[in-house]
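Q: One structure coming up, written as structure tokens, with questions to follow.
The values are calculated or read from the model by the stated rules, or taken from the named source; none is laboratory data. As the structure is a computational prediction, the values presented were derived from the model and not from experiment. Counting neighbours? That spans all protein chains shown, and the Cβs are built from the backbone with ideal geometry, glycine included. Just the protein is used for accessible areas: all its heavy atoms, side chains included, with ligands, DNA and RNA removed. Shrake-Rupley method; radii C 1.70, N 1.55, O 1.52, S 1.80 Å.
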Amino acid sequence: AQSVSQHNHHVILSEAASLELGCNYSYGGTVNLFWYVQYPGQHLQLLLKYFSGDPLVKGIKGFEAEFIKSKFSFNLRKPSVQWSDTAEYFCAVNVKGYSTLTFGKGTMLLVSP
Amino acid sequence: DAGVIQSPRHEVTEMGQEVTLRCKPISGHNSLFWYRQTMMRGLELLIYFNNNVPIDDSGMPEDRFSAKMPNASFSTLKIQPSEPRDSAVYFCASSPGTSGGFSNEQFFGPGTRLTVL
């Protein structure tokens, strides 16, 4: 079965610092990839997704992610974080033929002002 | 579009009581998912439905948990009897279904925060 690994459980950054959150999946076939964000006390919302085409995907709020097939990775990046980016970030993968998403454990990002 | 609607938003109950959580998916979506989120275990898929039919309930923790989807616009998750370890946030999500064999993105509801005393 496929799995998703998010390397960092907690990340603490100062405002304006650059962000990169790691995500690796284990599945050799074709996948769709997602990053979701959960702000404190709220539900999961989609940040960005990769289905096909350009492996560099741009999402909302200045976030982007790069799909590197050879590394089975889909890392999330933002050049300059803001205090309002404080949230938990989840990477998820969908495998062709399956209706479900497999989520990583999440990375809690705390941005200090 | 109202999004996925869940009720109640908060539920506090005593151990042994029956709890029913409700979900209305986005109109036109044919897949519905129930998740549980806790600090210790993260986000867990409990069960999902395609076209109102339960497809995989292997994530349901035990027989105390049951889920139904009587029609395309309503689903329930029931815990009977409830226990303190069931305390968690329960999310419902819906999806337009599959495209080209792949699942589309899931849209999450606001969740129900359940506390069992």
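Q: Kindly indicate which of B:40, B:15 is within 14 Å of chain A (Cβ to nearest Cβ), assigned to a loop (DSSP other than H, G, I, E, B) and of a type outside the set (Phe, Trp, Tyr).
A: On inspection, the qualifying residue turns out to be B:40.
Q: Right, another one. Residues in the range B:55-72: is at least one open to solvent by less than 10 Å² (accessible area, probe 1.4 Å) and either within 14 Å of another protein chain (Cβ to nearest Cβ) or in contact with a strand residue (DSSP E or B) (Cβ under 7 Å, 6 or more places away or on another chain) (or both)?
A: Scanning the range B:55-72, I find no residue that is open to solvent by less than 10 Å² (accessible area, probe 1.4 Å) and either within 14 Å of another protein chain (Cβ to nearest Cβ) or in contact with a strand residue (DSSP E or B) (Cβ under 7 Å, 6 or more places away or on another chain) (or both), so the answer is no.
Q: Filter the range B:73-89 down to the residues that are away from chain A (no Cβ under 11 Å) and open to solvent by less than 30 Å² (accessible area, probe 1.4 Å) and list them by number.
A: Within the range B:73-89, B:75, B:76, B:77, B:79, B:82, B:86, B:88 qualify.
Q: Here's something else I'd like to know. Pick from the range A:24-35 the residues that are without any contact (Cβ under 8 Å) to a residue 60 or more places away in the chain and either touching a helix residue (DSSP H, G or I) at 6+ places or on another chain (Cβ under 8 Å) or within 13 Å of chain B (Cβ to nearest Cβ) (or both): which of them is most open to solvent (accessible area, probe 1.4 Å)? Quick ask: steps written out before the conclusion?
A: Filtering the range A:24-35 for residues without any contact (Cβ under 8 Å) to a residue 60 or more places away in the chain gives A:24, A:26, A:28, A:35.
Narrowing the set further to residues that are either touching a helix residue (DSSP H, G or I) at 6+ places or on another chain (Cβ under 8 Å) or within 13 Å of chain B (Cβ to nearest Cβ) (or both) leaves A:24, A:35.
Details: A:24: 44, A:35: 0 Å².
Among those that are without any contact (Cβ under 8 Å) to a residue 60 or more places away in the chain and either touching a helix residue (DSSP H, G or I) at 6+ places or on another chain (Cβ under 8 Å) or within 13 Å of chain B (Cβ to nearest Cβ) (or both), it is A:24.
Q: When you scan the range B:100-115, do you find a residue that is at pLDDT below 90, in a strand (DSSP E or B), out of contact with any strand residue (DSSP E or B) (no Cβ under 9 Å at 6 or more places or on another chain) and within 9 Å of chain A (Cβ to nearest Cβ), even just one?
A: no
Q: Does residue A:41 count as without any contact (Cβ under 8 Å) to a residue 40 or more places away in the chain, facing another protein chain (nearest Cβ under 10 Å) and closer than 22 Å to residue B:55 by Cβ?
A: When the stated conditions are applied, residue A:41 does not pass them.
Q: Got a sec? Which strands (runs of 3 or more DSSP E) wholly within the range A:44-113 have at least 3 residues that are open to solvent by less than 60 Å² (accessible area, probe 1.4 Å)?
A: So the answer is A:44-50, A:64-68, A:73-78, A:87-95, A:107-112.
Q: Hey, any hits in the range A:6-16 for a residue that's open to solvent by 30 Å² or more (accessible area, probe 1.4 Å), part of a strand (DSSP E or B) and out of contact with any Leu (no Cβ under 8 Å at 6 or more places or on another chain)?
A: yes
Q: Can you tell me which of (1) of a type in the set (Asp, Glu); (2) in contact with a Ser or Thr (Cβ under 9 Å, 6 or more places away or on another chain); (3) farther than 24 Å from residue A:37 by Cα is the one residue B:105 doesn't meet?
A: With respect to (1) of a type in the set (Asp, Glu); (2) in contact with a Ser or Thr (Cβ under 9 Å, 6 or more places away or on another chain); (3) farther than 24 Å from residue A:37 by Cα, residue B:105 is out only on (3).
Q: Any idea which residue in the range A:91-105 is modelled with the lowest pLDDT, counting only those that are touching a Leu at 6+ places or on another chain (Cβ under 7 Å) and within 7 Å of another protein chain (Cβ to nearest Cβ)?
A: A:100
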